[in-house]
Amino acid sequence: MTPRSLLDRVPSGLSLVVWAAVWELIGRFGGVDLIPPMSSIAVKAVEIVQTDSFLEALAVTAQAFGIGMALAIVVGIPLGVAMGVWRPAEKLLNVWVNIFISAPLTALVPALMPLLGIGQTTVIATVFLFAVWVLVIDTQAGIRHVGSSLVDMARLFGGTRTQIFFKVLLPGALPEILTGLRLAVVRGVKGVVIGQIIIALLGFGELFELYLQNFLMEEFWALVFVVFALAFVLVEAVGVVERRFDFYAGSR
Amino acid sequence: MTQIEPSRRTEADAAALAPAAAVAGTAPPIATEDGVIGARSDAGWIWQLASFVLVLGAWEIAGRWPISLAFPPFSRVMTALVEMTAAGDFTHAYAITLPPLVVGVTVVGVLGVALGIAMGLSRGFEWIGMPLMVVLQTAPIAALIPLLTYFYGVSATSKTAAVILLSAPIVVLNSYRGIRNTNASLIDMCRCFLGTRLQQVTKIMLPHASGMIFAGLRLGISAGFIGVVLAELLISPTGIGDLISYNRSIARYDKMFAAIVSILALATITLSVLQRLENRLFRPDHAVS
Amino acid sequence: MNAMTRPLPAKSPDEGTPIVRVEGVAMRYASGVTALDGIDLDFPRGKLTTLLGPSGCGKTTLLKIIAGLIRPTAGSVQVEGRPVTGPGPERALVFQDFALLPWATVLRNVAFGLELRGTPKAEREAIAEKYIREVGLSGFENQYPNQLSGGMRQRAGLARALTVNSDILMMDEPFSAVDEQMRRKLQEDLLSLLQVEQKTVIFVTHSIEEAVYLSDRIVLLSRRPSRVSAIRDPGIPHDGPPDQIRRDQRYLDTVDEIWDTLKQYLQ
Ligand SMILES: Nc1ncnc2c1ncn2[C@@H]1O[C@H](COP(=O)(O)OP(=O)(O)O)[C@@H](O)[C@H]1O
Ligand SMILES: [Mg+2]
């Protein structure tokens, strides 16, 4: 069997196990205190997720993330739709959306703290600021993507504006909106973590800070991997929905 | 191009490269198109001006209202910006902030691109690297930045590491995808005319991927800005991050916002210059947008 | 391009030996799709043979197998009596989607086959110029593919295939992405060109009219999994002016007859 066909048979996700094994070796024999063996991190992770402090932090984080994302959706999608259907809105706002989608918004978090207080509100605002722009851009792209012949068809059959909007434009833009949502979740997760570690008093940010100050490396890495895993699962979950509607993305 | 642009962009690129069936008749000469571009951007200017007036005006009004003492109006922030520029605050701050960013992005630009290309060309590299990169791209890696002080202390190296950590995944993935998305029929064509594997890589895949690799670098720089600012806020209070934190701590909110505006503007200008360069170098047919 | 006739097999020294022989070729993709199911075919030297069949029946697959780009799961292909193991200098392919490098000019694209062979720049560009003229693209040497119409892009693709001077020219639905009028023009020009360039052509199409117009021989493929369902020889001479062919009674009869045969697959 050639190496190529061998690799075809091994699920690609398995290479993560190889990386974990490498980590284990470094942790055991590398002599770096900062990198404990993977096995003890895993054991610690199982312990940690059962502690009250973790569950509390998870609840606080989930709340901030949930509210921030909800705001981003409630603001971002209508804004994207407006920019997609109404030229002046696009021309007035496009520059700003494009600035904020790639600018280092981290720099804004310190400015939020005196405005909104050093607490949950600032984290919510951070999530919102990280997530909203990609939703706006993708929604707008989706609306644009709906072919004008579909809209013409609906008009020729006497569709009203509302009908055209809800029966043609919105479903037509759905694949992009869902992609925007997935990317917004990726960014929102980064936003919630960044907001929390800058504030360092809340949720996972507080726990990270606590573990680092006390040099609890096993706990620190365990929490890092748990958070990474949560983020991955969340993003994949949106990805599943996204792929369900992808079947008509290519034929509009 | 996952992170920043509308998602279907990759497909749009592919469609632009694949000869469209509908194209009939010769495309107009470039000169005419240039005329159109000129006309369009003339009208665009007015809109852009209106757009800036609208948003900055709203900021001014909200600041004067006042919403909060911590939210100074735009004019005050601009005054502070001018003052700080005159005092040399920014020169000093960016002399500290930019080197780690440049070094980090350069390292990623060499090693990350090489790794991405290797993953695109070799099944082995792909198998071992791809899942890790995909996970890292969705993961909030920023959580690791506070840890960096334990590795490199409060130093420029920590900042460079932060830049590398945040920018590497997107650069690697874009390079990989650039190679991987090479039009299959171009590869068939190369094989059919007896091109060697080396020719396939140098004459087809690399030129084909170059646009996407460059776009990846642009996204990497965007992530690098986030990384360096975060490092300065979290671990090493120097440079522009310090300018922000310090002015916040002494409640000089106009100066704090001036510092924030300066970094946002710097990032925006850098990225849009790169975007223009990219359009010019790799997508002459897309130069309009 | 006047009255020079394409060589008849009768005058050829290799009469009787087909230049390409396909024996028992079957192709089953890893996805489980059986595209070809036991194809036996001979391609006579110096003739234009068309593979005609509905979309998705495996025409491209068969062409790629003959080109040596993919290996069949069963059976074999011989060219000049030698088994095919990969692409070779005696076979050149014209692609359905043109396969032009978007970042290269027409001149570089046309010369690209020679570039890959290491022909010096001046020499290959001189050869490319000749074929650019022959396919009617003069004046467009420095344009990029996205500045060309579909028909012109395919002319470039054809010129590229001609530069490498191979005996066998394979064309995969070369004119399907071109509008009808341009398509007719390209068909006529191809026939004129073939009166100068002496090639064995394997031509793939799903258009009955195109097949009958161009071919010395038509191979009808059934729907997937594909087999050879019939072979037709329209018997229309291709040495006269190309615009006479569509008036030939044999042209009309053959189109009708093939349509009658293929209709049954559509139910
Ligand atoms: N690389 C591939 N993997 C799996 N199936 C393929 C592949 N290429 C073609 N097929 C399938 O094989 C069949 C024949 O394809 P093709 O040879 O392209 O047909 P045609 O050129 O006659 O339209 C189709 O059903 C197609 O979906
Ligand atoms: Mg085909």
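Modelled with pLDDT under 90, touching a strand residue (DSSP E or B) at 6+ places or on another chain (Cβ under 9 Å), surrounded by 20 or more Cβ atoms within 10 Å (Cβ to Cβ) and more than 29 Å from C:R133 (Cα to Cα): is that true of C:S222 in this structure? No, not satisfied.
You will find that of C:A128, C:A161, C:A104, C:A122, the residue that is more than 9 Å from chain B (Cβ to nearest Cβ) and within 22 Å of B:Q200 (Cβ to Cβ) is C:A128 and no other. Scoring B:I244 on the criteria (1) more than 11 Å from chain A (Cβ to nearest Cβ); (2) of a type outside the set (D, E); (3) crowded, with 22+ Cβ neighbours inside 10 Å leaves a single failure, condition (1). Would you call C:V94 within 16 Å of ligand 1 (Cβ to nearest atom), within 12 Å of chain B (Cβ to nearest Cβ), in contact (Cβ under 8 Å) with a residue 24 or more places away in the chain and on the phi < 0 side of the Ramachandran plot? So C:V94 passes the test.
Of the residues making up segment C:182-219, those that are outside any helix (DSSP H, G or I) and out of contact with any Lys or Arg (no Cβ under 7 Å at 6 or more places or on another chain) are C:E197, C:K199, C:V201, C:I202, C:F203, C:T205, C:H206, C:S207, C:S215, C:V219. Return yes or no: is A:I137 touching a Pro at 6+ places or on another chain (Cβ under 6 Å) and in contact (Cβ under 8 Å) with a residue 24 or more places away in the chain? Taking the combined requirement at face value, the residue satisfies it. Residues that are among the charged types (D, E, K, R), touching a Leu at 6+ places or on another chain (Cβ under 9 Å) and in contact (Cβ under 8 Å) with a residue 60 or more places away in the chain within segment A:205-252 comprise A:E219, A:E242, A:D246, A:R252, listed in sequence order. When segment C:62-76 is filtered for residues that are within 15 Å of ligand 1 (Cβ to nearest atom) and within 18 Å of the chain's Cα centre (by Cα), the ones remaining, listed by number, are C:L62, C:L63, C:K64, C:I65, C:I66, C:A67, C:L69, C:I70.
For segment A:146-157, the count of residues that are assigned to a helix (DSSP H, G or I), within 8 Å of chain B (Cβ to nearest Cβ) and touching a residue at least 60 places away in the same chain (Cβ under 8 Å) is zero. Looking across segment C:15-29 at every residue that is assigned to a strand (DSSP E or B) and within 16 Å of ligand 1 (Cβ to nearest atom), the one that is farthest from the other protein chains (Cβ to nearest Cβ) is identified as C:A26. Applying the condition of being more than 14 Å from ligand 2 (Cβ to nearest atom) and among the hydroxyl-bearing types (S, T, Y) to segment C:30-54 and asking which residue is surrounded by the fewest Cβ atoms within 10 Å (Cβ to Cβ) yields C:S31. For segment C:55-77, a tally of residues being within 9 Å of ligand 2 (Cβ to nearest atom) and assigned to a helix (DSSP H, G or I) returns 4.
Being closer than 25 Å to C:V201 by Cβ and within 16 Å of ligand 1 (Cβ to nearest atom): is that true of C:F112 here? When the stated conditions are applied, C:F112 does not pass them. For segment B:133-177, residues that are farther than 23 Å from B:G120 by Cβ and outside any helix (DSSP H, G or I) total 4. Residue count for segment C:30-54 under the criterion of being more than 14 Å from every other protein chain (Cβ to nearest Cβ), part of a loop (DSSP other than H, G, I, E, B) and near ligand 1 (Cβ under 8 Å from one of its atoms): the result is 3.
The values are calculated or read from the model by the stated rules, or taken from the named source; none is laboratory data. No experiment lies behind these values; they were computed from the predicted model shown. Cβ coordinates were reconstructed from backbone atoms using ideal geometry, including for glycine residues, and neighbour counts include every protein chain displayed.
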